Amino acid sequence: MDKLSKAQRRKNMQAVKSTGSAIEIMLAKELWKRGYRYRKNNTSVFGKPDLTFKKLKIAVFVDGEFWHGKNWEIRKQDHKSNKKFWYPKIVRII
């Protein structure tokens with residue numbers, strides 16, 4: 001059960017950025033500094049990866065670690081809402 005109305009949930013979800021996260025920017029800057037040239041959010045590649053290296057045929061996806069279960073046993077209490085939905089979903093991934 002969601003505590004927010006549909007309009008509030010929609011507004012929250014629209015505010016979630018799909019590109020330009022802090023970790024993505026740090027990785028991109030470091031790779032550029034080391035001489036690796038890439039394209040960001042290349043729509044010509046399936047899945048729209050965060051960084052693509054066409055010559056090397058490499059696609060990089062930068063995902064948040066919480067949603068993929070990193071340190072789940074320690075961090076599972078960090079999630080405060082909709083636990084019945086998120087716990088099984090994250091446990092299924094790890």
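Quick notes on this one:
- The condition of being over 26 Å from Asp2 (Cβ atoms), of a type in the set (Lys, Arg) and assigned to a loop (DSSP other than H, G, I, E, B) holds for only one of Lys29, Lys80, Lys70, Lys48, that being Lys48.
Residues are listed down the side, and each one gets a yes or a no for (1) among the hydrophobic types (A, V, I, L, M, F, W, C); (2) outside the structural domain of Thr19 (by TED's automatic domain parsing):
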{"position": "Asn41", "(1), (2)": "no, no"}
{"position": "Phe46", "(1), (2)": "yes, no"}
{"position": "Thr52", "(1), (2)": "no, no"}
{"position": "Ile58", "(1), (2)": "yes, no"}
{"position": "Asn71", "(1), (2)": "no, yes"}
{"position": "Arg75", "(1), (2)": "no, yes"}
{"position": "Asp78", "(1), (2)": "no, yes"}
{"position": "Ser81", "(1), (2)": "no, yes"}
{"position": "Lys89", "(1), (2)": "no, yes"}
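- Considering residues of segment 16-41 that are closer than 19 Å to Glu65 by Cα and of a type in the set (A, V, I, L, M, F, W, C) only, the residue modelled with the lowest pLDDT: Val16
- Residue within segment 62-82 that is at pLDDT 85 or above and either exposed (fewer than 10 other Cβ atoms within 10 Å of the Cβ) or over 16 Å from the mean Cα position of the chain (by Cα) (or both) present: no
- Output for segment 1-10, where each listed residue is under 20 Å from Trp86 (Cβ atoms) and either in a helix (DSSP H, G or I) or modelled with pLDDT under 85 (or both): Met1, Asp2, Lys3, Leu4, Lys6, Gln8, Arg9, Arg10
- Candidate set: segment 46-61, residues that are under 18 Å from the mean Cα position of the chain (by Cα) and surrounded by 14 or more Cβ atoms within 10 Å (Cβ to Cβ); chosen: the one modelled with the lowest pLDDT: Lys48
- Test: residue in segment 11-24 that is assigned to a loop (DSSP other than H, G, I, E, B) and among the charged types (D, E, K, R): yes
- Arg9 meets all of the listed conditions (1) exposed (fewer than 10 other Cβ atoms within 10 Å of the Cβ); (2) not aromatic (Phe, Trp, Tyr); (3) not assigned by TED's automatic domain parsing to the domain that holds Ile93 but one, namely (1).
The values are calculated or read from the model by the stated rules, or taken from the named source; none is laboratory data. The structure presented is a predicted model; accordingly, all values stated were derived computationally and were not measured. In this analysis, Cβ positions are derived from the backbone assuming ideal geometry, glycine residues included, and neighbour counts consider all displayed protein chains.
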